[in-house]
Ligand code: FPP
Ligand code: MG
């Protein structure tokens, strides 16, 4: 996990460490323990010990790979968005320039590929590679939308799955596959990740309107000012169809941004987005509750923590 940090000088090690203070690592490791169900009868105690140590290392590798891909995507994203800050401090592109930030992202991505190859599991390689493809697709969908697509909730949710939920859902599924779980349990792990990811992003989109720059550690109202239409505005548009022409006229005009915010304030857009996030959080929680029963204390504690995370995601303020 530390190898990639050496790529950067001391000052920037801290940048990456702060970037990784995130939900992903926790979710993947908790999912690993939550699914550590005895699959077959142990031949002997020693074999079980060796098997579980090796399995845990392989599961930890998935967590590391996921986190490296995630950080790589944020480094590239900050270049694309020309962001000055990330989690309250100067973003790498701001501090070191775009070229180094892009290379740092590429470096992390290549380290993730090397670790992934070492797992020698083609199904897992395929899931993680798909998630990387989805990250790029989601980002491309966001930056090249037609007027029709910009006002479509289906398009927004598909893009949100690609950008935010695919990596976590495919990583959770990978954990299940590495653990030797059935297709049914792997699907539940996938559903947990997908719904938690969607709930997380929906709340992120709310906070972009309701948070302050200092609470968010990045610019507030950044989506709408970049012309990105998210769920709160899409719901407001359902209530006030005339908002659609304001959006179509272009959000590069600050007067249109102000007008859109006025409509949003009069609408139930924020509330409905929170309700949709809560619905996905409860679907994530239901996936955990549907896992095969297990009396092991660690398994139960991890499952409770995964459920608790669904509450935290929708109640977070930053
Ligand atoms: C955050 O977006 C960005 C992402 C979730 C993914 C970005 C993906 C890429 C740039 C494609 C390249 C991918 C790899 C793996 C190198 P945001 O701007 O909506 O969120 P923010 O407010 O956190 O910046
Ligand atoms: Mg961004």
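Structure above, values below:
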{"read-out": "Subset of the range 149-180 [modelled with pLDDT of 95 or more, in contact with a helix residue (DSSP H, G or I) (Cβ under 6 Å, 6 or more places away or on another chain) and surrounded by fewer than 17 Cβ atoms within 10 Å (Cβ to Cβ)]", "value": "153"}
{"read-out": "Test: residue in the range 226-245 that is on the phi < 0 side of the Ramachandran plot, within 16 Å of ligand 2 (Cβ to nearest atom), surrounded by fewer than 21 Cβ atoms within 10 Å (Cβ to Cβ) and more than 17 Å from the chain's Cα centre (by Cα)", "value": "yes"}
{"read-out": "Hits in the range 138-148 (condition: farther than 13 Å from residue 77 by Cα and crowded, with 16+ Cβ neighbours inside 10 Å)", "value": "141, 145"}
{"read-out": "Whichever residue in the range 138-157 is assigned to a loop (DSSP other than H, G, I, E, B) and within 15 Å of ligand 1 (Cβ to nearest atom) and, among such residues, is nearest to residue 80 (Cα to Cα)", "value": "144"}
{"read-out": "Residue 252 being more than 22 Å from the chain's Cα centre (by Cα) and in a loop (DSSP other than H, G, I, E, B)", "value": "yes"}
{"read-out": "Test: residue in the range 278-290 that is at pLDDT 95 or above, part of a loop (DSSP other than H, G, I, E, B) and more than 16 Å from ligand 1 (Cβ to nearest atom)", "value": "yes"}
{"read-out": "Which numbered condition residue 241 misses (of (1) without any contact (Cβ under 8 Å) to a residue 40 or more places away in the chain; (2) outside any helix (DSSP H, G or I); (3) within 26 Å of residue 312 (Cα to Cα))", "value": "(3)"}
{"read-out": "Filter result (touching a residue at least 60 places away in the same chain (Cβ under 8 Å) and more than 19 Å from the chain's Cα centre (by Cα)) within the range 287-300", "value": "290, 291, 292, 294, 296, 298, 299"}
{"read-out": "Count of residues meeting criterion [surrounded by fewer than 18 Cβ atoms within 10 Å (Cβ to Cβ) and not in a helix (DSSP H, G or I)] in the range 291-318", "value": "8"}
{"read-out": "Contacts under 8 angstrom Cβ, first residue in the range 71-88 being on the phi > 0 side of the Ramachandran plot, partner more than 8 Å from ligand 2 (Cβ to nearest atom) and not in a helix (DSSP H, G or I), 6 or more apart", "value": "87/21; 87/217; 88/217"}
{"read-out": "Any chance residue 86 is in contact with a helix residue (DSSP H, G or I) (Cβ under 8 Å, 6 or more places away or on another chain) and away from ligand 1 (no atom under 12 Å from the Cβ)", "value": "no"}
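The values are calculated or read from the model by the stated rules, or taken from the named source; none is laboratory data. The model shown is predicted, which means the values in this text are computed figures rather than measured ones. With ideal geometry, Cβ positions are generated from the backbone for all residues, glycine too; neighbour counts draw on all protein chains shown.
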